[in-house]
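Read through the structure below, which is laid out as structure tokens, and then see the notes.
The values are calculated or read from the model by the stated rules, or taken from the named source; none is laboratory data. Just so it is clear, the structure is predicted and the values come from calculations on it, not from any experiment. Reconstructed Cβ throughout: ideal geometry from the backbone, glycine too, with neighbour counts over all protein chains shown.
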Amino acid sequence: MAIDVAAHYQTYGPMVLRRCRFLLKQEERALDAMQEVFVRLLTYQNRLRGDYPSSLLYRMATNVCLNLIRSSKHTAVNDSEEIIASIASAAEHDKPIFLNAWLDHLFRQEKPTTKEMMVMLYVDGMTLEEVAEAFGMSVSGVRKRVREFKTRVQALKEYEHV
């Protein structure tokens, strides 16, 4: 059964736009990203399941925005790195620059979805259940991925201090 894109646009368009604004920090880029989400929904409407439309669109918006962030080579500091660095609440001037480079290095070694999961959990404040639903995983699977990621972060932090 095909997804009713027009109805989803009316119902979930504002949510998708808020997500895009939050990740991209620029109104024009956010509007373009929102449009891209619904173009993709229209393109793949016969292949996608519409059981949980808000989770589907939220994940699509996250993916579109992260792809835009990755592809933007003209900025000196990557927006996604700024978002993650803000989690660390760095107060010093040079610390965010160091954290950006460190987080970039850290996530380069991870599965592509790990970064999305961490953003959803620690930036967006989603629950483990919501993230599991968005990725089609069990809660224990998400919990395991988070635990493994935290272990690697701790190992890197200990290695850096040696």
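Applying the selection to region 16-32, what residues are over 16 Å from Val123 (Cβ atoms) and not in a helix (DSSP H, G or I)?
Gln26
What's the total number of residues in region 102-138 that are surrounded by 13 or more Cβ atoms within 10 Å (Cβ to Cβ) and in a helix (DSSP H, G or I)?
Qualifying residue count for the region: 23.
Exactly one of these conditions fails for Tyr58: (1) aromatic (Phe, Trp, Tyr); (2) at pLDDT 85 or above; (3) surrounded by fewer than 20 Cβ atoms within 10 Å (Cβ to Cβ). Give me its number.
Exception for Tyr58: condition (3).
Just to verify a result, which residue in region 35-73, among those that are among the aromatic types (Phe, Trp, Tyr) and in a helix (DSSP H, G or I), is farthest from the chain's Cα centre (by Cα)?
Selected residue: Phe38.
Among (1) modelled with pLDDT of 55 or more; (2) touching a Leu at 6+ places or on another chain (Cβ under 9 Å); (3) not aliphatic (A, V, I, L, M), where does Ser71 come up short?
Among (1) modelled with pLDDT of 55 or more; (2) touching a Leu at 6+ places or on another chain (Cβ under 9 Å); (3) not aliphatic (A, V, I, L, M), the lone unmet condition for Ser71 is (2).
Just the residues that are of a type in the set (Gly, Ala, Ser) and touching an Asp or Glu at 6+ places or on another chain (Cβ under 9 Å), please, taken from region 107-149.
If the condition is that a residue be of a type in the set (Gly, Ala, Ser) and touching an Asp or Glu at 6+ places or on another chain (Cβ under 9 Å), then Ala134 is the only one that fits.
One residue is enough: does region 75-95 have a residue meeting the conditions more than 15 Å from the chain's Cα centre (by Cα), in a helix (DSSP H, G or I) and modelled with pLDDT under 85?
Yes - at least one qualifying residue is present in region 75-95.
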